[in-house]
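Structure first, then comments.
The values are calculated or read from the model by the stated rules, or taken from the named source; none is laboratory data. The structure presented is a predicted model; accordingly, all values stated were derived computationally and were not measured. Using ideal geometry, Cβ is built from the backbone for each residue, glycine included, and neighbour counts are taken over all protein chains shown. Please note that ligands, DNA and RNA were not included when accessible areas were found on the heavy atoms of the full protein model with its side chains. Shrake-Rupley method; radii C 1.70, N 1.55, O 1.52, S 1.80 Å.
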Amino acid sequence: QREHRRRRTNWRWSALAGWIQRVPDPVVTQDGWLSYWLGVALMVTNPADSDRHFEHAYRSFAASLDSVGEMIACAGALRAIVFSMSVIGVADRWIERLDEVLDRTPSPLPPGAELAVLSGAIGVSFRQPAHKRLDGWRNRAVEILKGGISGPITSELIGFAAHVSIWSGDHESAVRVL
């Protein structure tokens, strides 16, 4: 059953990527959301290729002053880096961009943007384990988990919070999260 679910999920992402790839390339690269969703779809099926689509999305969102879109594109790119286990050094530019947009965006973040940032924070934790926001993000992830969130984001938040807790030596917190 687990294998069936994995194949069905991969098929869905492949189908989404195929649909967006049928749209003329100039249209996709100029539309932040099409670029973002193509990056997300490729993150599952071809994570190494998703970065350029997150780059197009980020640039499109930045040009239209859409800070939520910028955050989501950065988080997507960071997740793709972890998915692909590729050269983690490319995470630095995405972390810097995420920090910049977070510094200029008032709190609290919209819920969808907050969840995207928290799911992308795993990339920050691998590349910059002493990052200034990691403890706050971990605490927020745990708070959201305690609130009873469900769905695929749950495993990402658990993995992130446990990883940061273990890395910081707080094994008791990691066990509580797991």
**Message:** Please check: in the Gaussian network model of the chain (C-alpha springs, under 10 Å), which one of Ser107, Ser35, Ser84 has the largest mean-square fluctuation.
**Reply:** Ser107
**Item:** the chain: most fluctuating residue of Trp19, Trp37, Trp137 per GNM, C-alpha cutoff 10 Å
**Value:** Trp19
**Request:** Specify which labelled value, from [x] 26, 20, 14; [y] 43, 16, 12; [z] 24, 21, 14, agrees with semi-axes √(5λ) of the Cα gyration tensor in Å derived from the coordinates of the model shown.
**Result:** [x]
**Expected-Rg normalisation [2.2 N^0.38 Å, Cα atoms] applied to segment 86-159** = 1.10
**Request:** Would you look at the GNM of the chain, springs on alpha carbons closer than 10 Å, and say which of Glu70, Glu96, Glu156 moves the most?
**Result:** Glu96
**Fill in**
HN-Hα couplings for segment 163-178 via Karplus (6.51, -1.76, 1.60; θ = phi - 60°), in whole Hz with x for Gly/Pro, come out as 4, 5, 5, 5, 4, 7, x, 8, 5, 4, 5, 4, 5, 5, 5, 6
**Message:** Using a 7 Å offset from the Cα along the Cα-to-Cβ direction at both Val90 and Thr105, what is the distance between the two label points in nm, to one decimal?
**Reply:** 2.2
**Fill in**
If the chain between Ala63 and Trp167 were fully extended at 0.36 nm per residue, the gain over the current Cα-Cα distance would be 33.8 nm
**Prompt:** Label point 7 Å out from Ala15 along Cα-to-Cβ: which residues of segment 33-70 have amide N under 15 Å?
**Reply:** 41
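Accessible area of segment 100-143 with a 1.4 Å probe: how many percent of it is carbon plus sulfur?
Exposed carbon and sulfur together represent 54 percent of the surface.
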**Item:** Segment Arg22-Lys132, length gained on full extension (0.36 nm per residue, minus Cα span)
**Value:** 35.5 nm
**Request:** Please give the calculated 222 nm ellipticity per residue for the chain, where each DSSP H segment of at least 4 residues contributes -39500 (n - 2.57) and the sum is spread over every residue; nearest 500 deg cm²/dmol?
**Result:** -25500 deg cm²/dmol
